[in-house]
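Here's the structure we're looking at; comments come further down.
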Amino acid sequence: MKTIKFYIISILIIILGDSNVVAQNQKQNNVSTKTESFKVWGKCESCKARIEKAAKVDGVNNAVWDIKTKILTITYSPSKVNSDKVQKNIAAAGHDTEKYKADDKVYNALPDCCHYERKE
């Protein structure tokens with residue numbers, strides 16, 4: 001009888017221990033998201049479309065740019081991407097951000113309606 005109790009207790013410990021490991025692994029695999037906002041220069045609906053498209057790199061779930069405030073709000077997975085990578089991609093598309101300035105050639109290639117006043 002003691003042997004049967006021992007086996008039952010051992011099996012319960014193994015099962016419970018495995019379920020804790022599975023739960024911990026699921027917690028680590030759940031991707032948390034972060035929301036961040038920063039300024040991106042542009043002027044019009046074409047700029048809005050270009051900025052939001054450039055911001056949607058792998059790991060970015062949502063990107064919305066406000067024409068009036070010039071603020072881009074992104075929701076992203078920090079385990080896949082960071083704000084710097086997003087801002088660099090936006091600058092590569094021709095729009096200055098708080099941290100990165102677009103290359104002059106790329107900026108000059110934008111449609112005339114998209115030329116905003118640039119900081120020196």
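Every number in this text was worked out from the coordinates using simple rules, so none of it is lab data. On a predicted model such as this, the values are computed, not experimentally measured, just so you know. Glycine gets a Cβ as well: all are built from the backbone with ideal geometry, and neighbour counts include every protein chain shown.
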Other residues with Cβ under 13 Å from the Cβ of Ile71 give, with Lys and Arg +1 and Asp and Glu -1, a net charge of 0
Ranked from fewest to most other Cβ atoms within 10 Å of their own Cβ, Glu36, Glu52, Glu120 fall in the order Glu120, Glu36, Glu52
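Taking neighbour Cβ counts within 10 Å as the exposure measure, how do Val40, Val86 sort from fewest upward? Walk me through the numbers on the way to the answer.
Numbers: Val40 28, Val86 25.
Taking fewest neighbouring Cβ atoms as first place, the list is Val86, Val40.
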With a Förster distance of 30 angstrom and the Cβ-Cβ distance between Lys85 and Ala109, calculated FRET efficiency to the nearest 0.05 equals 0.85
Calc'd 3J(HN,Hα), segment 105-111, phi into Karplus 6.51 cos²θ - 1.76 cosθ + 1.60 (θ = phi - 60°), Hz, glycine/Pro = x, comes to 5, 5, 4, 5, 7, 5, x
Going from the fewest other Cβ atoms within 10 Å to the most, one would list Arg50, Arg118 as Arg118, Arg50
Surpassing 24 Å at the alpha-carbon level, of the pairs Lys68/Lys99; Lys53/Lys88; Lys48/Lys105; Lys80/Lys119; Lys43/Lys119, are Lys80/Lys119
